[in-house]
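Quick one: the structure is below, and I'll ask about it shortly.
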Amino acid sequence: MRIPPARLLALALAFVVLPVMASMTTAQQAAAAFPGTQWERDSALADNFDCSGHPTSAILGRAKGRTEVALFPSGAGAPVLLSYPERLLDPKTATLTVEPLLFSMKDFLMDNGRPVPPGLEPSETCAGLLLTDAAGHVIHVYWNRERKAFDDWLG
C-alpha cells in the first residue's frame with residue numbers, strides 16, 4: 001500500500017515533531033515554528049487561551065517593524081502566529097499579559113464604548129491576552145467562539 005506524501009508529512013509531524021516540541025520551552029518551540037523572530041523567553045505565559053480547558057502557551061516576539069505572538073495549543077493543535085505592524089504596536093516596548101475574561105455585556109459597553117466583539121464571551125475559565133506598549137496602544141486577543149480561532153480587537 002502506498003501512503004500519499006501529504007499523509008506521511010502529517011504522520012511525521014504527529015509522531016516526531018510534536019513530541020519533540022512538547023519537551024521544548026515555549027521560546028524554543030516558537031523559534032522552531034516561526035524562525036526569523038526574536039522570541040522573548042521571559043514573556044512566556046500559559047492559560048486556557050483557546051477555551052479548550054487545557055493550557056495554551058503564548059510568547060511575545062519581535063521582528064522587523066512587527067510585534068508577534070506565537071500560541072501553542074495543548075494537544076496536537078497547530079501553532080498560531082499573530083503579527084502586528086509597528087503602527088498598531090511598538091515592538092520595542094510591547095508587553096504581553098494574561099487578560100481575564102470576566103465581564104458583563106453591559107459593563108463591556110460602558111468601559112470600552114463599543115459592543116462586545118463577535119465571538120467574545122465572558123468566561124470564568126478562559127483567558128485572553130493583552131498586548132500593550134509605552135505609547136498606550138492596546139490589543140486584546142481572545143478565542144472567537146463563533147469562528148473557533150484566535151481573534152483580536154483594538155482597545
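Considering only residues that are β-branched (Val, Ile, Thr) and open to solvent by 70 Å² or more (accessible area, probe 1.4 Å), which ones fall in region 106-155?
Applying the first criterion (β-branched (Val, Ile, Thr)) to region 106-155 yields 116, 125, 132, 138-139, 141.
Hit for region 106-155 is THR125, nothing else.
Restrict the check to region 74-82 and report whether at least one residue is surrounded by 14 or more Cβ atoms within 10 Å (Cβ to Cβ), farther than 15 Å from THR25 by Cα and touching a Lys or Arg at 6+ places or on another chain (Cβ under 8 Å). Spell out how you get there, then give the answer.
Filtering region 74-82 for residues surrounded by 14 or more Cβ atoms within 10 Å (Cβ to Cβ) gives 74, 77, 79-82.
Retained after the next criterion (residues that are farther than 15 Å from THR25 by Cα): 77, 80-82.
When the remaining residues are screened for being touching a Lys or Arg at 6+ places or on another chain (Cβ under 8 Å), the result is none.
Looking for residues that are surrounded by 14 or more Cβ atoms within 10 Å (Cβ to Cβ), farther than 15 Å from THR25 by Cα and touching a Lys or Arg at 6+ places or on another chain (Cβ under 8 Å), one finds none in region 74-82, hence no.
Go through LEU120, LEU109, LEU71, LEU102 for me and flag whichever is within 17 Å of SER57 (Cβ to Cβ) and among the hydrophobic types (A, V, I, L, M, F, W, C). Working first, answer last.
Working: LEU120 fails: within 17 Å of SER57 (Cβ to Cβ); LEU109 fails: within 17 Å of SER57 (Cβ to Cβ); LEU102 fails: within 17 Å of SER57 (Cβ to Cβ).
Just a single option satisfies the conditions, and that option is LEU71.
Right, here's the next one. Among the small types (Gly, Ala, Ser), closer than 30 Å to GLU121 by Cβ and at pLDDT below 95 - does that describe any residue in region 26-49?
Step one: list which residues in region 26-49 are among the small types (Gly, Ala, Ser), which gives 27, 30-33, 36, 43-44, 46.
Restricting the remaining residues to those that are closer than 30 Å to GLU121 by Cβ gives 30, 33, 43-44, 46.
Subsequent filtering for residues that are at pLDDT below 95 retains none.
Checked against the condition, which is being among the small types (Gly, Ala, Ser), closer than 30 Å to GLU121 by Cβ and at pLDDT below 95, region 26-49 yields no hits at all.
Another question, if that's okay. If you go through region 84-91 one residue at a time, do you hit one that is of a type in the set (Ser, Thr, Tyr) and surrounded by fewer than 18 Cβ atoms within 10 Å (Cβ to Cβ)?
Kept after step one, since they are of a type in the set (Ser, Thr, Tyr), are these residues of region 84-91: 84.
Filter again for surrounded by fewer than 18 Cβ atoms within 10 Å (Cβ to Cβ), leaving none.
No - not one qualifying residue is present in region 84-91.
With the checklist (1) open to solvent by 30 Å² or more (accessible area, probe 1.4 Å); (2) at pLDDT 95 or above; (3) in contact with a Ser or Thr (Cβ under 7 Å, 6 or more places away or on another chain) in hand, flag the one item LEU96 doesn't pass.
The single condition LEU96 does not satisfy is (1).
Out of curiosity, is PHE103 touching a Pro at 6+ places or on another chain (Cβ under 7 Å), farther than 15 Å from ILE139 by Cβ and surrounded by 14 or more Cβ atoms within 10 Å (Cβ to Cβ)?
Details: touching a Pro at 6+ places or on another chain (Cβ under 7 Å): yes; farther than 15 Å from ILE139 by Cβ: yes; surrounded by 14 or more Cβ atoms within 10 Å (Cβ to Cβ): yes.
Answer is yes for this residue.
Which condition number does PRO79 fail, the rest of (1) at pLDDT 90 or above; (2) under 21 Å from GLY155 (Cβ atoms) being met?
It is condition (2) that PRO79 fails.
Could I ask something else about it? Which condition does VAL138 not pass, out of (1) of a type in the set (Val, Ile, Thr); (2) touching a helix residue (DSSP H, G or I) at 6+ places or on another chain (Cβ under 9 Å); (3) farther than 24 Å from GLY36 by Cα, if it passes all the others?
(2)
Could you please find all residues in region 30-69 being of a type in the set (D, E, K, R), touching a strand residue (DSSP E or B) at 6+ places or on another chain (Cβ under 9 Å) and under 20 Å from LEU88 (Cβ atoms)?
Correct list: GLU40, ARG62, ARG66, GLU68.
With respect to ALA58, is the statement that it is loosely packed, with under 13 Cβ neighbours inside 10 Å, out of contact with any Pro (no Cβ under 7 Å at 6 or more places or on another chain) and either under 19 Å from THR25 (Cα atoms) or β-branched (Val, Ile, Thr) (or both) true?
Details: loosely packed, with under 13 Cβ neighbours inside 10 Å: no; out of contact with any Pro (no Cβ under 7 Å at 6 or more places or on another chain): yes; either under 19 Å from THR25 (Cα atoms) or β-branched (Val, Ile, Thr) (or both): yes.
Against the criterion (loosely packed, with under 13 Cβ neighbours inside 10 Å, out of contact with any Pro (no Cβ under 7 Å at 6 or more places or on another chain) and either under 19 Å from THR25 (Cα atoms) or β-branched (Val, Ile, Thr) (or both)), ALA58 does not qualify.
While we're on this one: Please identify the pairs in which a residue from region 43-66 that is without any contact (Cβ under 8 Å) to a residue 12 or more places away in the chain has its Cβ atom under 9 Å from the Cβ atom of a residue that is of a type in the set (A, V, I, L, M) and open to solvent by 20 Å² or more (accessible area, probe 1.4 Å), counting only partners at least 6 apart or on another chain.
Close Cβ pairs satisfying both conditions: none exist.
While we're here: Could you give every pair whose Cβ atoms fall below 6 Å, whose first residue belongs to region 139-155 and is of a type outside the set (D, E, K, R), and whose second residue is open to solvent by 60 Å² or more (accessible area, probe 1.4 Å) and in a loop (DSSP other than H, G, I, E, B), counting only separations of at least 6 or pairs across chains?
Qualifying pairs under 6 Å: HIS140/GLY155.
The values are calculated or read from the model by the stated rules, or taken from the named source; none is laboratory data. This structure is a prediction, so every number in the text was calculated from the model and none was measured. Heads up, the Cβs are rebuilt from the backbone with ideal geometry, glycines too, and the neighbour counts pull from every protein chain shown. Areas reflect the complete protein model, heavy atoms only, side chains present, ligands, DNA and RNA absent. Shrake-Rupley method; radii C 1.70, N 1.55, O 1.52, S 1.80 Å.
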